[in-house]
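The block underneath contains the structure these notes are about, expressed in structure tokens.
The values are calculated or read from the model by the stated rules, or taken from the named source; none is laboratory data. All values derive from a computational prediction rather than experimental measurement. Cβ coordinates were reconstructed from backbone atoms using ideal geometry, including for glycine residues, and neighbour counts include every protein chain displayed. Calculation scope for accessible area: heavy atoms of the full protein, side chains included, ligands and nucleic acids excluded. Shrake-Rupley method; radii C 1.70, N 1.55, O 1.52, S 1.80 Å.
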Amino acid sequence: MFKDITLGQFYPADSVIHRLDPRVKLLGTVVYIASLFIGKTFFTFIPISVFLVMVIILSKVPVSFILRGIKPIIPLLIISAAFNLILTPGDSVIVRFWIITINWEGVFMAIFIILRLLYLVAGTSLLTLTTTPTRLTDGMEKGLRFLTPLKVPVHEIAMMMSIALRFIPILTEEADKIKKAQLARGADFESGNLMKRVRAMIPLLVPLFVSAFRRAGDLAMAMEARCYNGAEGRTKMKPLFYAGRDFIAYGVIFGYLAVVIVMRVFGL
Amino acid sequence: MSIIDVKNITYDYHKKDDQGNETESVRALDDVSLEVKEGEFIAVLGHNGSGKSTFAKHLNALLVPTGGTVYICGMDTSDTSNTLEVRKTAGMVFQNPDNQMVASVVDEEVGFGPENMGVPTDEILKRVDDALNSVGMYAYKDSSPTRLSGGQKQRIAIAGILAMKPKCIVADEPTAMLDPKGRADVLKVLHMLNKEQNVTIILITHNMEEVIDADRIFVMEGGKVVMNGSPREIFSHVKELQRLRLDVPEVTKLAFELKQKGLPLRDGILTREEFVNELRLLAKGRV
Ligand SMILES: Nc1ncnc2c1ncn2[C@@H]1O[C@H](COP(=O)(O)OP(=O)(O)OP(=O)(O)O)[C@@H](O)[C@H]1O
Ligand SMILES: [Mg+2]
């Protein structure tokens with residue numbers, strides 16, 4: 001069950017997208033997410049699809065990898081589609097039974113929401129699939145540095161993120177180990193109703209948290225022992241520099257944003 | 001000047017209750033004094049809770065003594081303006097290889113220390129390559145630490161310290177979580193650094209086989225250093241060690257027991273070769 005988590009997983013390949021500066025990819029992702037919410041009609045999915053497919057092809061990441069990230073959100077998809085189907089107000093009623101009415105507006109919204117979420121997950125997973133956690137956090141740190149005067153702890157947030165990403169595989173492995181240990185003692189994670197299953201997770205989560213805190217303490221000490229002292233006076237082993245392709249990518253991203261906005265303005 | 005000069009240090013851990021009031025205090029170090037010269041290979045022995053880790057943390061200014069003073073290359077560790085310099089001089093390797101790694105790629109992990117020290121980029125890259133070569137892990141430069149074996153991870157951790165160019169490495173049970181192969185690899189690296197780069201090594205361990213090649217051994221008990229001497233001196237006191245609940249190497253024990261039974265063997269035999277030679281001499285003497 002823990003193996004399905006693809007969050008933060010990196011797919012090593014030699015592609016233009018992999019080589020892009022992480023700041024470009026971060027901005028691209030933000031613009032892409034924004035475009036999904038700017039679009040109000042099915043037509044906007046034309047430029048969005050073109051953009052997404054283009055990036056996927058350039059990234060050389062197999063489509064199966066991207067689809068794997070979608071699997072865990074299927075329940076979320078079903079729930080949000082169901083709510084939209086039932087709760088969207090409208091006049092063109094299709095069926096009506098008990099207190100539930102289903103109308104064409106609801107069907108439209110449900111499909112729209114599913115598409116939006118699918119595109120959201122597919123697009124954002126590309127960011128982590130093509131960027132190593134370190135480059136990602138380096139990009140965040142440098143890209144958001146303009147916030148430092150506003151007392152936003154940019155370096156600390158970036159460091160926290162990179163450590164979190166580093167410990168995800170360790171903690172998932174540990175969760176699997178604890179689960180097996182509890183199963184061996186007769187714990188039952190599979191049967192019973194939802195409440196029962198949630199309660200069954202407690203003997204799994206408690207040791208996991210305890211161990212995570214112990215690891216955090218150890219790590220903090222190890223970092224301190226290696227002269228870690230926050231951002232001050234720190235140099236970079238692999239500093240970020242823009243290359244020609246990064247400026248081209250910025251151009252493409254803003255062009256794409258312009259297309260989506262123009263479509264929205266013209267009601268398409 | 002000795003690289004490590006510990007003068008009469010004590011250290012108390014304070015336990016606090018929910019309101020922050022002190023409930024009890026544990027004396028983890030009790031009037032410890034010792035000196036280590038540059039280039040020495042020191043092993044620290046002692047059973048669980050004898051204060052080894054607490055002592056190790058004092059050498060790196062992770063803890064400062066409640067009483068007494070620790071000098072690292074003449075710098076007083078309790079003076080906070082020395083902290084960074086002390087940590088550059090005495091690097092520390094911990095027991096759990098997973099819990100001391102910060103980065104998701106090996107070379108970035110090794111570069112973490114120099115980055116913190118503000119070393120320029122070109123110099124960091126060079127130091128990382130050198131450090132990885134020293135521990136024989138250069139081929140794994142671009143791998144993820146998660147995929148490595150325990151022994152390999154621990155060698156990466158050592159490389160991470162080496163890249164800071166320390167004069168001294170303090171390793172707190174670095175082999176405790178490793179298999180025999182990983183253990184041997186890590187020890188080989190530590191000995192190599194000691195011989196070839198003149199790095200002072202303080203190795204804390206439970207494993208007797210690991211200490212016989214040390215220059216000196218400190219044995220700790222109840223927060224005190226109770227024995228201090230060369231491996232041969234230490235291991236000639238088998239009775240004393242057993243009283244301290246410490247093992248001795250198998251050969252040493254065998255020789256000790258044979259001697260108890262009346263065989264006129266020398267005290268403090270450490271290796272199998274020595275033992276065999278001793279028996280040969282004995283046999284010759286009889287003929
Ligand atoms: N954080 C702490 N808070 C309170 N007491 C502590 C703490 N850490 C250690 N102690 C106590 O200090 C004493 C010395 O502990 P220390 O960890 O130095 O021993 P050790 O020789 O390293 O043992 P081990 O072989 O188990 O690693 C023990 O009695 C221990 O219970
Ligand atoms: Mg210890």
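Pull out all pairs, ordered by first then second residue, where Cβ-Cβ is under 7 Å, the residues are six or more apart or on different chains, the first lies in the range B:7-25 and is aromatic (Phe, Trp, Tyr), and the second is part of a strand (DSSP E or B).
B:Tyr11/B:Ala28; B:Tyr11/B:Leu29; B:Tyr13/B:Ser25; B:Tyr13/B:Val26; B:Tyr13/B:Ala28
In the range A:190-211, is there at least one residue being within 14 Å of chain B (Cβ to nearest Cβ) and either under 22 Å from A:Phe10 (Cα atoms) or in contact with a strand residue (DSSP E or B) (Cβ under 9 Å, 6 or more places away or on another chain) (or both)?
Checked the range A:190-211: no residue is within 14 Å of chain B (Cβ to nearest Cβ) and either under 22 Å from A:Phe10 (Cα atoms) or in contact with a strand residue (DSSP E or B) (Cβ under 9 Å, 6 or more places away or on another chain) (or both).
Name the helices (runs of 4 or more DSSP H) wholly inside the range B:61-135 in which the number of residues that are β-branched (Val, Ile, Thr) and within 14 Å of B:Ala157 (Cβ to Cβ) is 2 or more.
B:106-117
From the list B:Lys188, B:Lys181, B:Lys253, which residue is more than 16 Å from ligand 1 (Cβ to nearest atom), open to solvent by 40 Å² or more (accessible area, probe 1.4 Å) and under 20 Å from B:Phe94 (Cβ atoms)?
B:Lys188
Being under 20 Å from A:Arg234 (Cβ atoms) and open to solvent by 40 Å² or more (accessible area, probe 1.4 Å) is true for just one of A:Leu144, A:Leu85. Which residue is that?
A:Leu144
Could you check B:Ile217 against (1) within 16 Å of ligand 2 (Cβ to nearest atom); (2) within 17 Å of B:Gly39 (Cβ to Cβ) and say which number it fails?
The one condition B:Ile217 does not meet is (1).
Among the residues of the range B:42-88, count how many are within 16 Å of ligand 2 (Cβ to nearest atom) and surrounded by fewer than 17 Cβ atoms within 10 Å (Cβ to Cβ).
3
So how many residues does the range A:213-237 have that are of a type outside the set (A, V, I, L, M) and within 7 Å of another protein chain (Cβ to nearest Cβ)?
Qualifying residue count for the region: 11.
Scan the range B:89-120 for residues that are open to solvent by 10 Å² or more (accessible area, probe 1.4 Å), under 17 Å from the mean Cα position of the chain (by Cα) and more than 22 Å from B:Ser149 (Cα to Cα) and jot them down.
Passing the criteria: only B:Thr89.
Please enumerate the residues belonging to the range B:43-69 that are touching a residue at least 12 places away in the same chain (Cβ under 8 Å), away from every other protein chain (no Cβ under 14 Å), within 15 Å of ligand 1 (Cβ to nearest atom) and on the phi < 0 side of the Ramachandran plot.
Within the range B:43-69, B:Ala43, B:Val44, B:Leu45, B:His47, B:Ser50, B:Lys52, B:Phe55, B:Pro65, B:Thr66 meet the criteria.
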